[in-house]
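The values are calculated or read from the model by the stated rules, or taken from the named source; none is laboratory data. Here the structure is a predicted model, which is why all the values come from computation and not from measurement. As a convention, Cβ positions derive from the backbone with ideal geometry for all residues, glycine included, and neighbour counts pool all protein chains shown. Remember, those area values only see protein heavy atoms, side chains included, never the ligands or the DNA or RNA. Shrake-Rupley method; radii C 1.70, N 1.55, O 1.52, S 1.80 Å.
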Amino acid sequence: MRTCSQYCNNYVPGTCPKLLKPPYVCNGCTYPRTCGYDKMYYRASYADDTYHDGMSSSRKGIDLSPEELNELDQLISPLLLKGQSIAHIYATHADEIKCSKRTLYSYVDQGVLKVRNIDLPRKVRYKLRSKKQKTVKISQEYRVGRTYEEFLAFTEMNPELNAVEVDVVEGQKVEKYC
């Protein structure tokens, strides 16, 4: 279906009065098919995906200009190659370094600076840390006195009682049965 905006360059779309007040979308409109205005729908999954993509992309990459990164590299790399640690360099040159100590370790790990992990004296000695798997411990207190062996012992002690097994299926209650 073609709209007027595709036929005529002078077309000015009208604005639905419902879009001028909250919630500013056509999701709750009672006449969506007969409405002649351009429609605006809110899609929660699309909005959530866009939000997360924006959050993720804002945290990627290096938060320094190429000039600042070059200055940082000229300051950090020679000192690391002499055998100094990042903690020591950061303590003595904190006013010149425009990022945190953790970020310096990340830059070395990513290979942004001229030095590598092998140039860090202690980093190569440590093994990578493995993430611990979370185990969920389920309480078994509800089973006390309810095992099959205890049931058999109870029926032997009380032979006059009848044991009945019942399966219950709960579902939607319907008036009509076929």
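Structure above, values below:
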item	result
Global geometry of segment 20-178, whether rounded, prolate or oblate, following the gyration tensor of its Cα atoms and the 1.5 cut on a/c	oblate
Segment 91-178: trypsin sites (Lys or Arg not before Pro) falling in loop per DSSP and having at most 11 other Cβ within 10 Å	Arg122, Arg125, Lys127, Arg129, Lys131, Lys132, Lys134, Lys137, Arg146, Lys173, Lys176
Axial C-alpha extent at least 15 Å, average Kyte-Doolittle at least -0.5 - helices from the chain (DSSP)	66-81
Area accessible to solvent at His52, 1.4 Å probe radius, in Å²	100 Å²
Under 12 Å from the His88 label point (7 Å along Cα→beta-carbon), backbone N, segment 106-147	121-122
Global geometry of segment 69-118, whether rounded, prolate or oblate, following the gyration tensor of its Cα atoms and the 1.5 cut on a/c	rounded
Mean accessible surface per residue for the chain, computed with a 1.4 Å probe while every protein chain stays in place, in Å²	94 Å²
Loop chymotrypsin sites (Phe, Trp or Tyr not before Pro), segment 20-72 (other Cβ atoms within 10 Å of the site Cβ: 16 or fewer; DSSP)	Tyr24, Tyr37, Tyr41, Tyr42
For the chain, with +1 on Lys and Arg beta carbons and -1 on Asp and Glu, the positive-most of Gly145, Gln172, Pro23 along the dipole	Pro23
Fraction of accessible area attributable to carbon and sulfur, the chain (%, probe 1.4 Å)	53 percent
Value of relative contact order over the chain, rounded to a whole percent, pairs C-alpha under 8 Å and six or more apart	10 percent
Under DSSP loop assignment and at most 14 Cβ neighbours within 10 Å, longest GluC sites (Glu not before Pro)-free interval of the chain	1-95
